[in-house]
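These notes concern the structure reproduced below.
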Amino acid sequence: MLNILLRVSSVMTLVLLGAALAAPVFEANLPRGLDFTLENSPTPQKHLIETMPGGVALLDYNNDGLLDIFFVNGGRLTTPLSTPDNFDRHNPKYWNRLFRQNKDGSFTDVTEQAGLAKVDDGNYGMGVAVGDYDNDGYPDLFITNYGKNILYHNNGDGTFTDVTAKAGVAGGGWSVSAGFFDYDNDGKLDLFVARYMDWDTKHSKDCGGNYHTYCPPEEFPATTNILYHNNGDGTFTDVSQRSGITAKKGRALGVGFADYDGDGFTDIFVSNDGMQQYLYHNNGNGTFSEVALEAGAALSEDGRRMSGMGVVFQDYDNDGRPDIMVTELPREIYGVYHNDGDGSFSYRSLETGLGMLSSGTSGWSIGLEDFDNDGWKDLFVGQSHVLDNVESIDPSLHYLDVPLLAMNHGGRFERVDSGVTTPTAARGAAFGDLNNDGWEDVVMTSLGGHPQVLMNRGGKTHWLTITLRGTRSNRDGYGARVQVNGQTRYATSAVGYLSASDKRLHFGLGNAEKAKVEVVWPSGIHQTLDDVHADQFLEVLEPEKQNQ
């Protein structure tokens, strides 16, 4: 009888544990005051830009310790399109929006008072990058567009100034994802801008037979990306050609930054749509070499080109080396390139379980964050098909979708309930701890709808969140390699698709109450902190010289 009771008790314990594990990780809600709609202006003519926005950034623009949210809006498309391009961005409905977080968790729209309300009518909004390019202690905003891009300098008093003309970073064409990083380790953040294709409204067309569809990328010529060098005086120099970045044209959508070969210089991975992916190796002398094919990170396992969209460049299996994950279209499975440590990558989509989880879906923004604080980075992907009429064309596919949340169990991913039940047309997604409770949250944009704010329900495991403050290196510490209790993160805010995450580095500690923190700064300085207490927000200041 006792044995039976013990067995019943064990079964009940397992059931209860299973119920606890099955509880949704996030609670989806829209905080008070976060009144934003991503206006993409879909038309019967299926102009390709209308399915591609929009980015989101999490940043503390006023340094009050609370994350604020910046949304990039699309613009107004007319039927037929006006010539020259005019997207009616002066209409408040189509403004980008900055929301300041209040102490009670609500948000206030501060777009006008921050100086961000006036947007050029010739721009259709895409993405956002965040970085302190002048090292003054306040995060600046770079907005990508179809049209001219915009650099907003943070004045430190709650306002921004458009300094695009002075800085020389307007660019042109169709810019998508972008990111700040220090490619030459001179202590100043440079800027990389990914561009999609050589497309304009005059040559816009729709594809398909009985149904109007957005054209595949190969219908339009490839184009080049842009690299700007920070001159340190508020201006940038376009070094795209002399750096080797323009040596290959592509159809870029996502960009990620990390030092994949450990030589001390940040490299660039670019996800291209409908072709091979690009890995730009930083040669350390101001030039880059595109090496994805020989490194094994250009194609699928069977040699097919990929519909690369969002990308994350971080270490998923805790071996200390940054790996690459790329979202794609349905029936192509999301790509996983494992960093093998010898300058090469191996394709691991099936081995990690991601192939099975993604074969029928289309992914956009993607992030690797430890959502349950167990010491392993989990996977989040905003999902939706490109075509808003895909069900009519192929009933086995669907346009709206819920995000993929997959927990990392020793390098293998398993789907869990995210708590999101309403399918949306997800695009951008950014990650950070909105309420400073030690648990990572998500903000995701949706075409034609409100954003989804996914608040982490939390748990009992420990955590550590690190803010880097560079002295010899760039103030944000972008490019630093940070290890905590056997986990590794590469400091960057660029993430996924069109988006920018909180620059703070979050680490789950499991049951550990203390941590060992090791930082390799872009300057080359190595720094170690022992016996760091868990469950705190820690600022790490770069020492002026190497400790002996």
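The values are calculated or read from the model by the stated rules, or taken from the named source; none is laboratory data. These figures come from a predicted structure and were not determined experimentally. A quick note on method: Cβ atoms are made from the backbone with ideal geometry, for glycine too, and the neighbour counts reach across all protein chains shown. Heavy atoms of the whole protein, side chains included, go into the accessibility calculation; ligands, DNA and RNA do not. Shrake-Rupley method; radii C 1.70, N 1.55, O 1.52, S 1.80 Å.
Checking each residue in region 296-306 for being in contact (Cβ under 8 Å) with a residue 40 or more places away in the chain and either crowded, with 21+ Cβ neighbours inside 10 Å or polar (S, T, N, Q) (or both) picks out A297, S300. As for region 102-123, it holds no residue that is outside any loop (DSSP other than H, G, I, E, B), modelled with pLDDT of 95 or more, on the phi < 0 side of the Ramachandran plot and basic (K, R). For the condition surrounded by 24 or more Cβ atoms within 10 Å (Cβ to Cβ), part of a loop (DSSP other than H, G, I, E, B) and either at pLDDT 95 or above or among the charged types (D, E, K, R) (or both), R89 qualifies.
Among all positions in region 345-361, there is at least one residue which is closer than 24 Å to S300 by Cα, at pLDDT below 95, open to solvent by less than 50 Å² (accessible area, probe 1.4 Å) and part of a loop (DSSP other than H, G, I, E, B). At least 1 residues being of a type in the set (F, W, Y) and within 21 Å of the chain's Cα centre (by Cα) is the threshold, and among the strands (runs of 3 or more DSSP E) wholly inside region 19-79 those reaching it are 26-29, 68-71.
Assess whether N285 counts as being under 19 Å from L505 (Cα atoms) and assigned to a loop (DSSP other than H, G, I, E, B). So N285 fails the test.
Assess whether F257 counts as being among the aromatic types (F, W, Y) and either surrounded by fewer than 23 Cβ atoms within 10 Å (Cβ to Cβ) or at positive phi (or both). First the steps, then the outcome.
Details: among the aromatic types (F, W, Y): yes; either surrounded by fewer than 23 Cβ atoms within 10 Å (Cβ to Cβ) or at positive phi (or both): no.
When the stated conditions are applied, F257 does not pass them.
Among the conditions (1) over 23 Å from the mean Cα position of the chain (by Cα); (2) within 26 Å of K545 (Cβ to Cβ), A480 misses just one, which is (1). The residues on offer are D315, D259, D238, and the sole one that is out of contact with any Ser or Thr (no Cβ under 6 Å at 6 or more places or on another chain) and among the charged types (D, E, K, R) is D238. When the strands (runs of 3 or more DSSP E) confined to region 138-219 are screened for residues that are open to solvent by less than 20 Å² (accessible area, probe 1.4 Å), those reaching at least 3 such residues are found at 140-146, 150-154, 175-181, 190-195.
Taking L387 as the residue in question, decide whether it is more than 20 Å from the chain's Cα centre (by Cα), assigned to a loop (DSSP other than H, G, I, E, B), touching a residue at least 24 places away in the same chain (Cβ under 8 Å) and surrounded by 18 or more Cβ atoms within 10 Å (Cβ to Cβ).
Working: more than 20 Å from the chain's Cα centre (by Cα): yes; assigned to a loop (DSSP other than H, G, I, E, B): yes; touching a residue at least 24 places away in the same chain (Cβ under 8 Å): yes; surrounded by 18 or more Cβ atoms within 10 Å (Cβ to Cβ): yes.
So L387 fits the description; yes.
From the list N272, N225, the one residue that fits, being open to solvent by less than 10 Å² (accessible area, probe 1.4 Å) and in contact with a helix residue (DSSP H, G or I) (Cβ under 7 Å, 6 or more places away or on another chain), is N225.
Table: residues versus (1) open to solvent by 40 Å² or more (accessible area, probe 1.4 Å); (2) aromatic (F, W, Y); (3) closer than 17 Å to K148 by Cβ; (4) in contact with a Lys or Arg (Cβ under 7 Å, 6 or more places away or on another chain).
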residue	(1), (2), (3), (4)
I69	no, no, no, no
L77	no, no, no, no
Y94	no, yes, yes, yes
V110	no, no, no, yes
